[in-house]
Structures are given as C-alpha cells and as structure tokens.
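A quick write-up on the structure given underneath.
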Amino acid sequence: MDVLINIDVSDLAAAEKFYTQTFDLRPGRRLGDTIVELTGGPASIFLLQKAAGSQASPQSAELRRFERHWTPIHLDFVVENIEAAARRALEGGAVQELPIQQAAWGKIAPMADPFGNGFCLIQFEGAGYDAMADCCPD
C-alpha cells in the first residue's frame, strides 16, 4: 500500500517554495494549475491550492481557513539536526509553537507551516521510539 499526503494551501507557489526549501523536496508532476506533487521523501506530498473560505468537503459545513488550526492528523518530519531544520523552517515562514523539547527517544519541535498546518520536527537519538516500547516486533 502507498500513502499519499495532501496538504491544502492558499498559495501554491509559496507552499512549493516553503516545502522544497525547508525539507529538500523536489517538484514532481503538476496536475493542472492547482496541484503540485513533491517528491524526495518516503511518500509523495501533494500541495492542493484551495481558496480560503471554500467548503472543506461536500459533507461538511466547515470552511477552509489558513490561520493556525487544529487537526487530529499532522506530519512529523524526521531530521538529523533539529536545530538546523527548525532554523530553515522559520526562515521559510513557519512558526515554532514550543521550544525544542528533549524526550527519552530524542527531540521534538512543534511547528506550523505558513498556511496554519501543524507539523513536528523529530530528531531520534539512541534507540529512538524503541526506548519507550514495552516490546518490539520480531
């Protein structure tokens, strides 16, 4: 099974610049004037230009907004140097929501992209998430 990631943005060119410069992704296919595929990571990310105030889905009365918003799903970008990655994200227009935090498995930096979508930078150290696991798969 493949996983495709779709991110709604209000400005496709600005989003493409942010995600390519911040995460070293590359533009792939363009699907018309409102969608660009970004490659170079473990899953393709599709940036979808959508107008602020447009209906989020036909079944929902919720409207798209591009200030910081909460969603139960977000992306974690695993990086080798969290401080450098955070600087690059901030230079690209991201907002760092909390200082970099240390955990048993490594470091985390909660962020938001310029379009209000939350993401975290993760730097694994030592055993990574295995440091917290009760058991491990064979």
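Across the chain, the convex hull enclosing all Cα atoms gives 149 Å³ per residue.
For R26 and Q59, the difference between the fully extended length at 0.36 nm per residue and the C-alpha to C-alpha distance is 8.6 nm. Counting other Cβ atoms within 10 Å as a rough exposure proxy, the listed residues D8, D2 run D2, D8 from fewest neighbours to most.
When GluC sites (Glu not before Pro) are flagged only if DSSP places them in a loop and at most 10 other Cβ atoms lie within 10 Å, the longest unflagged stretch of the chain comes out as 1-61. Test of the criteria: in region 35-138, which chymotrypsin sites (Phe, Trp or Tyr not before Pro) are in a DSSP loop and have at most 14 other Cβ atoms within 10 angstrom of their Cβ? Listed in order of number, the matching sites are W70.
In a fully extended conformation the segment linking E97 and A131 would gain 9.7 nm over its present Cα-Cα distance, using 0.36 nm per residue.
Using equal-weight Cα scatterers in the Debye expression, the normalised intensity of region 66-138 in log10 at q = 0.13 Å⁻¹ is -0.41. When the Cα positions of I122, V79, F66 are compared along the charge dipole of the chain, F66 comes out farthest toward the positive end, with charges on each C-beta of Lys, Arg, Asp and Glu.
FYI, it's all coordinate maths here, none of it is from the lab. On a predicted model such as this, the values are computed, not experimentally measured, just so you know. Cβ sites come from the backbone with ideal geometry, for glycine too, and all protein chains shown count toward neighbours.
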